[in-house]
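Input: a single structure, listed below in structure tokens.
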Amino acid sequence: MRSSGSLTGASRLRPSAVEGWRAVTRQLAAVPHESVATAVARLKVSYATAGLDYSEAQAILETVGPAKESAIASYQTLIEHEAMLRPAWLSVLPSGRRPLRDALSADAGECFRRAGAFDDQPAVDVVAFLDRLANLARASANLPLVESGRNAERLSFELERARCAEMPGAPAVEWVALDDNSAGYDILSFRQIDGRPVPKLVEVKSCRGRPLRLLITRNEWDTACRHREAYVVHFWDVDAERLHELSWGDLQPHMPIDQGDARWDRATLSLKRLHGF
């Protein structure tokens with residue numbers, strides 16, 4: 001059963017619009033100095049191309065550019081462009097072709113079919129096309145997490161800036177993760193020890209909902225172990241609007257260890273057992 005229009009996404013995924021786009025592209029290639037309006041007028045009086053959707057075709061031409069030489073490449077190009085707008089069907093795509101087919105309208109499904117997406121034995125370039133869409137779908141699904149993480153980093157950055165502003169001689173706080181996401185921490189701040197500022201490396205995490213969980217990567221933990229006194233984790237409980245600051249000592253009893261030939265890469269900690277929870 002096909003779903004209702006709520007999952008169909010962009011209206012441009014209609015064969016009449018795509019074929020109109022291809023027809024206009026061919027006409028402009030044949031008569032390079034002709035305007036788009038003139039090309040469309042010529043095509044509308046031709047029996048073979050009179051019934052195409054030239055209004056939408058012109059919109060596609062303006063936003064996507066000329067159609068590709070082959071039909072399959074043209075359909076793939078438009079589908080990928082529409083996927084960038086994060087239509088609802090994009091979230092279904094990683095589940096496989098069958099759920100995707102069920103989620104699409106008849107017109108959108110036909111566009112995917114003409115792009116080769118539903119071939120029994122798709123060609124290598126079609127598989128690559130589907131993989132690109134799946135990667136985009138996964139990136140789109142992760143976007144709210146990325147946005148939440150950046151917002152938490154911003155909160156910690158502003159908090160550390162305000163705190164260091166009252167510390168005599170403290171250097172400027174740096175939002176390290178904006179320039180280098182491999183440093184093992186997000187913010188270089190400072191704290192006062194024996195009357196002088198010393199580095200404070202802040203890794204920022206956030207969580208919404210329950211149970212509260214904290215993901216630590218191997219790189220982050222290796223960095224923490226090299227800087228035990230300086231390293232802290234800012235954990236933002238988004239729902240409670242509460243910040244917890246965790247030290248190396250808070251985390252260490254709960255971290256995994258390498259055994260035999262196995263080496264851990266990332267660990268998920270349940271915060272109910274950590275200090276202060």
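FYI, it's all coordinate maths here, none of it is from the lab. Just so we're clear, the structure is a prediction, and the values are computed from it rather than from any experiment. Please note: Cβ atoms are built from the backbone with ideal geometry, for glycine as well, and neighbour counts cover all protein chains shown.
What's the extension gain from Phe118 to Leu155 if we count 0.36 nm per residue and subtract their Cα-Cα distance?
In short, 8.7 nm is gained.
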For Arg191, what residues show an amide H to amide H distance below 5 Å, using hydrogens built from the backbone and excluding near sequence neighbours? Val198, Lys200
Which percent, to the nearest 5, of DSSP beta bridges fully inside the chain are antiparallel? 75 percent
Output ³J(HN,Hα) for region 167-174: one whole-Hz value per residue in order, computed from phi by the Karplus curve 6.51 cos²θ - 1.76 cosθ + 1.60 with θ = phi - 60°, and x for Gly and Pro. 9, x, x, 6, x, 5, 6, 10
Projected onto the charge dipole of region 145-273 (+1 at Lys/Arg Cβ, -1 at Asp/Glu Cβ, origin at the Cα centre), which of His227, Ala172, Gly209 gives the Cα projection farthest towards the positive end? Gly209
Which whole-number percent is the relative contact order of region 5-122 (Cα, under 8 Å, 6+ apart)? 37 percent
Computed from the beta carbon distance with a Förster radius of 45 Å, FRET efficiency for Val238 and Val31 to the nearest 0.05 stands at 0.15
Run the simple label-point estimate for Asn181 and Ser46 please: 7 Å along Cα→C-beta, distance reported in nm. 4.6 nm
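Suppose the chain between Arg98 and Ser270 were pulled fully straight at 0.36 nm per residue; how much longer would it get relative to their current alpha carbon spacing?
Residue separation times 0.36 nm, minus the Cα-Cα distance, leaves 58.3 nm.
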Rounded to whole Hz, the Karplus (6.51, -1.76, 1.60) HN-Hα couplings of region 62-71, x for glycine and proline: 5, 9, 9, x, x, 5, 6, 5, 9, 5
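What are the trypsin sites (Lys or Arg not before Pro) within region 185-277 that DSSP puts in a loop, where the Cβ has at most 14 other Cβ atoms within 10 Å? The partial results should precede the final answer.
Working: sites: Arg191, Lys200, Lys205, Arg208, Arg213, Arg218, Arg226, Arg228, Arg242, Arg263, Arg266, Lys272, Arg273; in loops: Arg208, Arg228, Arg263.
Sites meeting the loop and neighbour criteria: Arg208, Arg228, Arg263.
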Net dipole in debye of the chain [+1 Lys, Arg Cβ; -1 Asp, Glu Cβ; about Cα centre; nearest 20]: 580 debye
Just checking my list (1) 31.4, 117; (2) 27.0, 88; (3) 24.6, 73 against Rg and Dmax of the Cα atoms in Å computed from this structure; which label fits? (2)
Region 38-82: GluC sites (Glu not before Pro) in DSSP loop, at most 14 other beta carbons within 10 Å: Glu69
Express in whole angstrom the spacing between the alpha-carbon centres of region 75-147 and region 165-244. 38 Å
In terms of the alpha carbon gyration tensor, root eigenvalues a ≥ b ≥ c, rounded if a/c is under 1.5 and otherwise prolate when a/b exceeds b/c or oblate, region 53-106 is prolate
Considering Cα pairs under 8 angstrom that are at least six residues apart, work out the relative contact order of region 162-231 and quote it in whole percent. 25 percent
Using 0.36 nm times the number of residues separating Leu85 and Thr217, minus their current alpha carbon distance, what extension gain do you get? 44.4 nm
Trypsin sites (Lys or Arg not before Pro), restricted to region 48-129: which are DSSP loop and have at most 14 other Cβ atoms within 10 Å? none
